[in-house]
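Student: One structure follows; several queries about it will come next.
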Amino acid sequence: MQAELLDVPSVVTDGEWAEEFSDRLEDLLLEVGELFPRADLRLRARACVRGLLGPVSRKNAWQLAEYGGDASPWGQQHLLDRSRWDAEAVRDFTRRYVIDGLADGGVGAGPGGCGVLVVDETGFAKKGRASAGVARQFTGTLGGVFPCQVGVMAAWATGRGQALIDRELYLPKEWTGDRERCRGARIPDTVAFATKPRLAERMIAWILPDLPEGLVWVAADEVYGRDGSFRAFLEEGGFPPEGGHQFVVLCGECHGS
């Protein structure tokens, strides 16, 4: 798999740029479509991605379906709710695509390194009790304590750009302590409470084999910088020595390397 930047002249019309982008996007969707076991799911997934990238005011099933030419939202709802496809395999594909496509030979983001791994959480406003992880909790995204979901995100940045490569949903103790509620939201019984730094460690363990060898800068805020176990995970034992990686940690309230 080789991700390429758009190969277009320095001066192009909006129409030419859009046509080139659309062709590249179609090639990518055909490649990732192999992860969806049925033809109807592949078509719906392609329509969903194009809707998410398109001029749709609200990214819900009704408007995504309408943008894709469907008369009802049932197909999109089935894709996202009941159909069988491997979300983790799509995540892995996306991570490898981003890391390959943003490779810059170590000349960009992260002085002297191959890139910057950025870890941070973000909140999504959400009301009710049925959606997984919804609770009144603090999120800097919304600027205070609000009913929301919180996700811990990982992004990869180099001199060529940046993009998200992984995510973990944070589940407060009021959720993990209520197994019936978890089952109602389709959260497996094996999922236990984990702090945000532990979720970040889990993501980094998955990401590490795909990172280019060399100096990796890790940037995070004080939620992670104050956590001694997280710093130790990066600085001492969070990666195999034979892997050829070295982490430089830049966290709020800590300075490490």
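Student: Which of the peptides 21-34, 180-193 is most tightly packed, and how do the rest follow, judged by the mean count of other Cβ atoms within 10 Å per residue?
Tutor: The packing order, highest mean first, is 21-34, 180-193.
Student: Additional query: Just to confirm a number: summing +1 for Lys and Arg and -1 for Asp and Glu over residues other than C148 whose beta-carbon lies under 10 angstrom from that of C148, what do you get?
Tutor: Within the 10 Å Cβ shell, the charges total +3.
Student: To continue, here is another question. In what sequence, largest accessible area first, do V107, V49 appear using a 1.4 Å probe?
Tutor: Ranked list, largest accessible area first: V107, V49.
Student: Just to confirm a number: summing +1 for Lys and Arg and -1 for Asp and Glu over residues other than Q76 whose beta-carbon lies under 14 angstrom from that of Q76, what do you get?
Tutor: Its environment carries a net charge of +3.
Student: Could you give the length gained by full extension between R58 and A87, i.e. 0.36 nm per residue of separation minus their alpha carbon distance, to one decimal place?
Tutor: Separation in residues times 0.36 nm, less the Cα-Cα distance, equals 8.2 nm.
Student: In the full protein assembly as shown, how much of E121 is accessible to a 1.4 Å probe, in Å² to the nearest 10?
Tutor: Here the residue's solvent-accessible area equals roughly 40 Å².
Student: OK, next. In percent, what relative contact order does segment 63-217 have, based on Cα pairs under 8 Å that are 6 or more apart in sequence?
Tutor: Once normalised by length, the contact order is 22 percent.
Student: How much net charge surrounds T94 when only other residues with a Cβ under 13 Å from its Cβ are counted (Lys, Arg +1; Asp, Glu -1)?
Tutor: -3
Student: For A163, list long-range residues whose amide hydrogen, built 1.01 Å from N in the peptide plane, is under 5 Å from its own amide hydrogen.
Tutor: Amide H to amide H, under 5 Å and 5 or more residues apart or across chains, A163 pairs with W156.
Student: Apply the Kirkwood formula to segment 84-177: the hydrodynamic radius equals the inverse of the mean of 1/r over all pairs of different alpha-carbon atoms; give it in Å with one decimal. List each step's numbers first, then the result.
Tutor: Details: mean 1/r = 0.0664 Å⁻¹.
Every distinct Cα pair counted, the radius reaches 15.1 Å.
Student: Then there's this: With a 1.4 Å probe and all protein chains left in place, how much of the accessible area of segment 155-226 comes from carbon and sulfur atoms, in whole percent? Could the numbers behind the result be given before it?
Tutor: Details: 1910 of 3630 Å².
Accessible surface attributable to carbon and sulfur in segment 155-226 totals 53 percent.
Student: On to the next question. Principal axis extents for segment 32-132, Cα atoms only, whole Å, descending order, please.
Tutor: In descending order, the Cα extents are 52, 35, 26 Å.
Student: Now for a separate question. With a 1.4 Å probe and all protein chains in place, put T195, T139 in order of accessible area, largest first.
Tutor: Working: T195 50, T139 5 Å².
In descending accessible area the options line up as T195, T139.
Student: Turning to a different aspect of this structure: Quick check: residue separation of R181 and F21 times 0.36 nm, minus the Cα distance between them. What number comes out in nm?
Tutor: 53.3 nm
Student: Could you list which residues have their amide H under 5 Å from that of K126, counting only those 5 or more apart in sequence or on another chain, with H placed in the peptide plane?
Tutor: Amide H neighbours of K126, under 5 Å, 5+ apart: C148, Q149.
The values are calculated or read from the model by the stated rules, or taken from the named source; none is laboratory data. Since this is a predicted model, take the numbers as computed values, not measurements. Ideal geometry is used to build each Cβ from the backbone, glycine not excepted, and the neighbour counts take in all protein chains shown. Please note that ligands, DNA and RNA were not included when accessible areas were found on the heavy atoms of the full protein model with its side chains. Shrake-Rupley method; radii C 1.70, N 1.55, O 1.52, S 1.80 Å.
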